[in-house]
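Student: First, the structure itself, so that you have it in front of you.
The values are calculated or read from the model by the stated rules, or taken from the named source; none is laboratory data. All values derive from a computational prediction rather than experimental measurement. With ideal geometry, Cβ positions are generated from the backbone for all residues, glycine too; neighbour counts draw on all protein chains shown. The accessibility values were calculated without ligands, DNA or RNA, using every heavy atom of the protein model including side chains. Shrake-Rupley method; radii C 1.70, N 1.55, O 1.52, S 1.80 Å.
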Amino acid sequence: MRKNFLVIMTVAFIIELFVAFLVASIFAVRMIEVMFFTGLAFTVIILFFTSGGGIISNMASSEVTARTGIMQKREPFIFKKGPVFAASLLLLVIGLVFFILLIQGIIPSATP
């Protein structure tokens, strides 16, 4: 991996951890309890905004075709992975591990 990729990935991961911390502090729960869900949200949002084509593009093309009668070329789905998506996926995986450990009872529940 290039140095630039690792720097951007690290910065994105730190920002995502900070957002997870803010969400945990707002809801008054531990950070490891919300890491999976914030990681899932970041992964889906970043996948939606960094990919090209797909369902949304086809829906817009179909709407234009229905209104004008002019057939448009369909864009294929293009997945563009990058350092921000890799950081989101890393947060998702780490959060999933913590979430499974919480459900199994290996990590004890928080007592008020």
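Student: Defining a contact as two alpha carbons under 8 Å apart and six or more residues distant in sequence, what relative contact order in percent does the chain show?
Tutor: That works out to 39 percent.
Student: A further question on this structure: List the DSSP H helices in the chain whose Cα atoms stretch 30 Å or more along the helix axis and whose mean Kyte-Doolittle hydropathy is at least 0.5.
Tutor: Both cut-offs are met by 3-27, 83-104.
Student: Mind putting a number on the dipole of the chain about its Cα centre? Charges go on the C-beta only, +1 for Lys and Arg and -1 for Asp and Glu, and I need it in Debye to the nearest 20.
Tutor: Dipole magnitude for the chain comes out near 400 debye.
Student: Then there is this: In µm²/s, what is D for region 57-112 at 25 °C and 0.890 mPa s, where D = kT/(6 pi eta Rh) by Stokes-Einstein and Rh is the Kirkwood radius from Cα pairs?
Tutor: Value of D from the Cα-based Kirkwood radius: 158 µm²/s.
Student: Okay, next question. Within the accessible area of region 1-90, what % is carbon and sulfur when the probe is 1.4 Å and the other protein chains stay in place?
Tutor: Heavy-atom surface of region 1-90 belonging to carbon and sulfur, 1.4 Å probe: 75 percent.
Student: Just the ratio, please: alpha-carbon radius of gyration of the chain over 2.2 N^0.38 Å, N its number of residues.
Tutor: 1.44
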